[in-house]
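Student: Below you'll find the structure I mean.
The values are calculated or read from the model by the stated rules, or taken from the named source; none is laboratory data. Computed from a predicted model, the values in this text were never measured in an experiment. Methodologically, a virtual Cβ is constructed for each residue, glycine included, from the backbone with ideal geometry; neighbour enumeration extends over all protein chains shown. Protein only, heavy atoms only, side chains kept; ligands, DNA and RNA dropped before computing areas. Shrake-Rupley method; radii C 1.70, N 1.55, O 1.52, S 1.80 Å.
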Amino acid sequence: MASVLLLDLCCCPRCIVRLLGVAHRPTHRALAHTSRASLLSLLPGGLHGPAASAAAASSAKSPPSLSSLLPAALNLSYWAHPSPHPPPPSVDATAVAAVSTTSTTTTPTTSSSNAASADPICPTCLGLLQRPLRPIAEAAQRQLAESRYAGATSVVVCVRVPPQLALRQWAALRCVEHRLAAAGIPYRAPGFVERTVDVKDVLKTLLTEEFREVLGLPFEASSQLQFEVGFDHAETENDYMFMTSIGRLDFKVKKKKQRDGKIAAQGNSWNKVLKASSELTQEELVRAKKIPLPIPKQHCTLAEFKFWHDPVYFAGRYNKLQRGVSHSRWVHKGERLWEDSVEELIAPHLVELSGAESHKFSSAGREDVDVLMLGRGRPFYFELVNPKRAQFSAGEVAVAEARINAAAGGRVAVRDLQAMGDKESLRVMKDSAATKRKSYSTLVRLSEPVALDVLERVGRMTDIELKQQTPVRVAAAADLSASTSASSASSSSSSASSSSSSSRPKLSYRLIRVDLTTSAGTYVKEFVHGDGGRTTPSLRELVGVREAEVLALDVTDVALDWPPPVTRVQE
């Protein structure tokens, strides 16, 4: 009975069985060339009973026919389940005629090669389940060959469908429910909507099977290779917008212009549209002209079609051996401020090795452009986006490291370069952001000579509690906020000017080297000169001078034992 009414709504055969709760893959595949007219003769008289066992036995034969698959599939669905909710009772032709209406909307026939091409475009899937899917798999096969993804052994298919299908699916179910209720036929039972099969799930299942046959790649949920396909339907893209004016639904959609000039909607996900739709009354759906479902004039268009490989990751440590090299590409008001960057001296070699489409660079902090990174180097990693390769030998990685160092010409040096297993292995660096300690060495010029005993006293200080505000030099790019960090400092003289004493020479210095270890987030330059009182205490205050100027600053260690050291073996 429900199937007859869904036919009357001009639903396609696949939508009829999915809305009846059928997810049976062979059934949906067998319906590929079935017209709406021929489906009615295949539907069983009842949705349960003796026909079920016969159909199930028939479906065990190879290959199964649609006439055997469909009754068996329906019998396994929610509608045929004897408990806890009984199926709807059988009704005679008179009852069907009483609640069935003929749609007055016509639609042009499609040019599809399907046997069902004379059918109108299905209003519940907008033609998605009526189109042949083999051409998509064949086009994907060509793209895969051109993309040269190495070592692909499986694939996972990701499907995006127009979110207005959620509203249309709900409207179709409400329409059938209302018509049956008007005829006094019980229809809906608890859990009904949850047991329907979404168009996205059917489409994904069918595409996955086509991929297996055409590409020879089986489905694997954890596959690193993804095929992404998305569909749009401009004709009905505003179907759900009327719900934004119904306050109790709390359904809000914002449209924003993207960088490429396209308009993108936010807040219109499948789940949000479905949730809002499920709270609509019959009257609201009729008033919005969603019941009966308007039949579209156009099929969905293919908007996205691409393969995508999960990122691969490389980690290592870098030394910056020349001042005037920024951490990453630095552009201000359209002009490049520094010629070289650590990121750009490393990235091209890893992109070439992996065949990646792009990259993302992260490190355990960063040094200023005029600061060197010495010692063991600073831990870093690259995320290589959509790579063509995911497996690398130790020899290939060693060659890449050597090429980076040779091309950098002494500006940057990389060590311990290695391919990381997955994103989870990067957590050590991410988790250290607020806890790691760093060591520095800075050359400082004081405005007045300071006695050696004062310098030695300051050098013995440990765990100095600092109160620091955002420095003036970065305040333009950040809100002012107070922060507290602890540091330990030691100092030694590197150049001196002396004064005399009656007993023995008393040494004093204006040029000193300060070695210190700080906690995460400490602004070292500001600790030296005080930043106009925004950092307290400062070295300037501790040694009692008017001014303290940083002449040079080097990072000597980042206390993070990650990634593990690599021993290179000659191949």
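Student: Report the GluC sites (Glu not before Pro) located in the range 352-408 that are in a DSSP loop and have at most 15 other Cβ atoms inside 10 Å of their Cβ, or state none.
Tutor: On the way: sites: GLU352, GLU357, GLU367, GLU383, GLU396, GLU401; in loops: GLU357, GLU367.
Those that pass, being in a loop and sparsely packed, are GLU357.
Student: Percent of Cα-Cα pairs per 10 Å bin, from 0 to the last occupied bin, for the range 395-464, please list those.
Tutor: Per 10 Å bin, starting at zero, the Cα-Cα P(r) for the range 395-464 comes out as 13, 23, 25, 19, 16, 4 percent.
Student: Given H placed 1.01 Å from N in the peptide plane, which residues other than close sequence neighbours of MET420 have an amide H under 5 Å from its amide H?
Tutor: Long-range HN contacts for MET420: TYR313, PHE314, ALA315.
Student: Still on this model: Can you give me the Kirkwood hydrodynamic radius for the range 286-335, using every pair of distinct Cα atoms, in Å to one decimal? Working shown, then result.
Tutor: Details: mean 1/r = 0.0532 Å⁻¹.
So the Kirkwood estimate lands at 18.8 Å.
Student: Determine, from the Cβ-Cβ distance of GLN266 and THR301 and an R0 of 22 Å, the FRET efficiency 1/(1 + (r/R0)^6), rounded to the nearest 0.05. Let's see the in-between values first.
Tutor: Working: r = 21 Å, r/R0 = 0.96.
That gives a FRET efficiency of 0.55.
Student: I need the semi-axes of the equivalent ellipsoid of the range 203-319: take the C-alpha gyration tensor, multiply each eigenvalue by 5, square-root it, list largest first in whole angstrom.
Tutor: 36, 22, 15
Student: Order LEU551, LEU206 by their accessible area, 1.4 angstrom probe, all chains in place, largest first.
Tutor: So, going from the largest accessible area down, we get LEU551, LEU206.
Student: Over the range 349-408, what is the relative contact order in percent, taking alpha-carbon pairs closer than 8 angstrom and at least six residues apart?
Tutor: Values: 54 pairs, mean separation 26.6, N = 60.
Worked out over the range 349-408, it gives 44 percent.
Student: Whenever you get a sec, line up ASP422, ASP561 from highest to lowest accessible area (probe 1.4 Å, protein heavy atoms).
Tutor: Details: ASP422 80, ASP561 130 Å².
The ordering from most to least exposed comes out as ASP561, ASP422.
Student: Let me ask something else. On the principal axes of its Cα set, how long, how wide and how thick is the range 221-275? Give whole Å, largest value first.
Tutor: Largest first, the range 221-275 extends 43, 29, 20 Å along its Cα principal axes.
Student: Trypsin sites (Lys or Arg not before Pro) within the range 296-342: which are DSSP loop residues with at most 16 other Cβ atoms inside 10 Å? Display every interim value, and only then the final one.
Tutor: Details: sites: LYS297, LYS306, ARG317, LYS320, ARG323, ARG329, LYS333, ARG336; in loops: LYS297, ARG323, ARG329, LYS333.
Filter output for the range 296-342: LYS297, ARG323, ARG329, LYS333.
Student: Between the DSSP loop rule and a limit of at most 14 other Cβ atoms within 10 Å, which trypsin sites (Lys or Arg not before Pro) in the range 121-226 are left?
Tutor: Numbers: sites: ARG142, ARG148, ARG160, ARG168, ARG174, ARG179, ARG188, ARG195, LYS200, LYS204, ARG212; in loops: ARG148, ARG188.
The qualifying sites are ARG148.
Student: Run through all the Cα pairs of the range 234-381 and give the fraction in each 10 Å bin from 0, expressed as whole percent.
Tutor: P(r) for the range 234-381, in whole percents per bin: 8, 23, 19, 15, 16, 13, 5, 0.
Student: Moving to a separate point now. Can you compute the modelled spin-label distance between VAL566 and ALA37, with each label point 7 Å from Cα toward Cβ, in nm?
Tutor: Rounded to a tenth, the inter-label distance reads 6.8 nm.
Student: If I model the range 133-247 as equal point scatterers sitting on the Cα atoms and use the Debye formula, what is log10 I(q)/I(0) at q = 0.16, 0.17, 0.21, 0.23 Å⁻¹?
Tutor: The Debye formula, applied to the Cα set alone, gives -0.87, -0.92, -1.13, -1.25.
Student: Protein chains only, probe 1.4 Å: how do MET429, MET241 rank by accessible area, largest first?
Tutor: MET241, MET429
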